[in-house]
Amino acid sequence: MKELIYILFSLSSFLSFGQESKNNKKAIRGFVFDKPYFISTPLPLVEADITIKGTERKTTTDADGRFEIEAAEGEKLLISGLGITTTEILIESNNCYKVILNSNIFDVFVPKKIARKNKRQERKIKRKVKRKIKKGFYDCLD
């Protein structure tokens, strides 16, 4: 009797591990950039909302414009945020995505004195981003 129970238990555990998941979720990562009309280098977009359409799964981009989220092939990424038109991206076989948006975040009137300070800050950020691009930080290898 013990042997029969042991065999049934081992057979049921073997069959339960052999089941395949139906949704095949994978880790999707990527980068979101903003390309204002007056800057030649795309800048990382900070705190953009990344959502899987039709689900509750969401995340935001970090200071480097990087995000990571679980999604299945065929689902759609929705990228939205302040001053950004909502963009949809279909998830295919790739695991990494680069998204360059043309936002209107910088299309505001700025007084000349503040604009000079912003230009210095802008040059500093551009140099930092260019260094990271040169090192391959923003490369999608898959």
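Readers should treat all values here as calculations from the given coordinates under stated rules, not as data from a laboratory. It should be emphasised that the depicted structure is a prediction, and the values quoted were computed from it without experimental measurement. Cβ placement follows ideal geometry from the backbone for every residue including glycine, while neighbour counts extend to all protein chains displayed.
The aspartates and glutamates whose alpha-carbon is closer than 17 Å to the alpha-carbon of residue 135, local same-chain residues fewer than 8 away aside, are 64.
Please work out the FRET efficiency for the pair residue 93 and residue 126, using the Cβ-Cβ distance as r and a Förster radius of 30 Å; give the result to the nearest 0.05. Don't jump to the answer; show the numbers that get you there.
Details: r = 33 Å, r/R0 = 1.11.
Between residue 93 and residue 126 the formula returns 0.35.
With each label modelled as a point 7 angstrom along the Cα→C-beta vector, the residue 27-residue 70 pair spans 1.2 nm.
Extension gain, residue 134-residue 100: 0.36 nm per intervening residue step, less the Cα-Cα distance, totals 10.5 nm. In this structure, the residue pairs whose Cα-Cα separation is over 19 Å, taken from 35/76; 26/134; 25/58, are 35/76; 26/134.
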